[in-house]
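The values are calculated or read from the model by the stated rules, or taken from the named source; none is laboratory data. Note that the structure is a prediction, hence the values are computed from the model and not measured. Note that we place each Cβ from the backbone using ideal geometry, even for glycine, and neighbour counts take in every protein chain shown. Just so you know, the surface numbers come from the protein's heavy atoms only, side chains and all, with ligands and any DNA or RNA stripped out. Shrake-Rupley method; radii C 1.70, N 1.55, O 1.52, S 1.80 Å.
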Amino acid sequence: MSGENVQQPIDLTSPESFAAGQEVYDRIESGQCQDVPAELDAALGITTDQN
């Protein structure tokens, strides 16, 4: 596993993460959210490294 980019865990209970998740939740509830996983990842700064 040497050389792999390992992402640090995200504190989903922090005020910033909670607010970001709440914004996505509000979009889900209003029907504006088309891709829930992608929007949550973007809001929380989660990146996926797909080779």
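The set of residues in the range 18-37 that are open to solvent by 50 Å² or more (accessible area, probe 1.4 Å) and not acidic (Asp, Glu) comprises Phe18, Gln22, Tyr25, Arg27, Ile28, Ser30, Gly31, Gln32, Gln34, Val36, Pro37. Among the residues making up the range 10-41, those that are of a type in the set (Ser, Thr, Tyr) and in a helix (DSSP H, G or I) are Ser17, Tyr25, Ser30.
Taken over the range 17-34, the criterion of being modelled with pLDDT of 95 or more and of a type outside the set (A, V, I, L, M, F, W, C) is satisfied by Gln22, Glu23, Tyr25, Asp26, Arg27, Glu29, Ser30, Gly31, Gln32. Summed over the range 39-51, residues that are among the hydrophobic types (A, V, I, L, M, F, W, C) and surrounded by fewer than 13 Cβ atoms within 10 Å (Cβ to Cβ) total 1.
The residues in the range 42-51 that are assigned to a helix (DSSP H, G or I) and either touching a Lys or Arg at 6+ places or on another chain (Cβ under 7 Å) or in contact (Cβ under 8 Å) with a residue 40 or more places away in the chain (or both) can be counted, and the count is 0.
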